[in-house]
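As structure tokens, the structure follows; a few thoughts come after it.
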Amino acid sequence: MKMTRQERYEQRQQLKAQREEAARIAAEEEKQKQERQDIRFMRQAITQAKRASRIGEVPIGCVIVRDGKVIGRGCNRRNTDRNPLAHAEITAIRRASKALGDWRLENCTLYVTLEPCQMCAGAIVQARIPRVVMGAMNPKAGCAGSIVNLLEMKEFNHQVEVVRGVCGQECSQVLSGFFLGLRKNKEQK
Ligand SMILES: [Zn+2]
């Protein structure tokens, strides 16, 4: 049976629609997979933040992931180390660079519980990290969108893909819980 021109046209249109639908579903599945992975690694960053809290440090944690594997971890240790550079991100970047044997952290995603400061945002750009996922925003010190946005400035030679608000509430609660504990301690003294 020979198809008419109109029928052939309709068949092509139908096939095209089916292909587009399949591509849309695949993209959606990929997106959901990415979201699940982001939550999973942000939870690991939160674990790092809680470690900081246990040693009396403001709870901020960071992990760096490449090919689905954590290659660097860090938590805030500013007071413990008496070092203004001892931020979670800097420690994680140092460890990840050591693990890779390269200062360029290509194909890596950095997860951090709180929006990075100017030093850490600068280090992220210097390390050429392509993707950053953050939890809570930091209106008073954040340099990834709050005060300035060093990660997405087109004037620099490197721009970062930024995802904000992953486990944001949990990240904020870890921080507010810590400060509440400090205030209670003070009142008891
Ligand atoms: Zn910092």
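Only the coordinates and a few stated rules stand behind these numbers; no lab work does. In this text, all values refer to a predicted model and were calculated from it rather than measured experimentally. Backbone-built Cβ (ideal geometry, glycine too); neighbour counts: all protein chains shown.
Some values worked out for this structure:
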| quantity | calculated |
| --- | --- |
| Kirkwood-Stokes translational diffusion coefficient of the chain, alpha-carbon pairs, 37 °C, 0.692 mPa s, µm²/s | 179 |
| Net lengthening on full extension, Met153/Asn185 (0.36 nm per residue, minus Cα-Cα) | 7.3 nm |
| Förster radius 35 Å - calculated FRET efficiency between Arg94 and Arg54, Cβ distance, rounded to 0.05 | 0.95 |
| Loop-located GluC sites (Glu not before Pro) in region 100-189, at most 13 other Cβ atoms within 10 Å (DSSP) | Glu106, Glu155 |
| Spin-label model distance (nm) - Arg43 vs Met119, 7 Å beyond Cα toward Cβ | 3.1 |
| Angle between the chain longest axis and helix 168-188 axis [Cα atoms, degrees, rounded to 10] | 10 |
| Glu161 versus Arg128: modelled label distance in nm, points set 7 Å from Cα along the beta carbon direction | 1.7 |
| Longest exposed-site-free window of the chain, the sites being chymotrypsin sites (Phe, Trp or Tyr not before Pro) in a DSSP loop that have at most 14 other C-beta atoms within 10 Å | 1-102 |
| Net charge of neighbours whose Cβ lies under 13 Å from the Cβ of Asn149, counting Lys and Arg as +1 and Asp and Glu as -1 | -2 |
| Flagged links, alpha-carbon separation over 27 Å, of Lys31/Lys154; Lys33/Lys154; Lys50/Lys140 | Lys33/Lys154 |
| Residue-span extension gain [Gln169 to Arg8] - 0.36 nm each, minus C-alpha spacing | 52.5 nm |
| Span per principal axis, largest first, for the Cα atoms of region 3-51 (Å) | 71, 8, 5 |
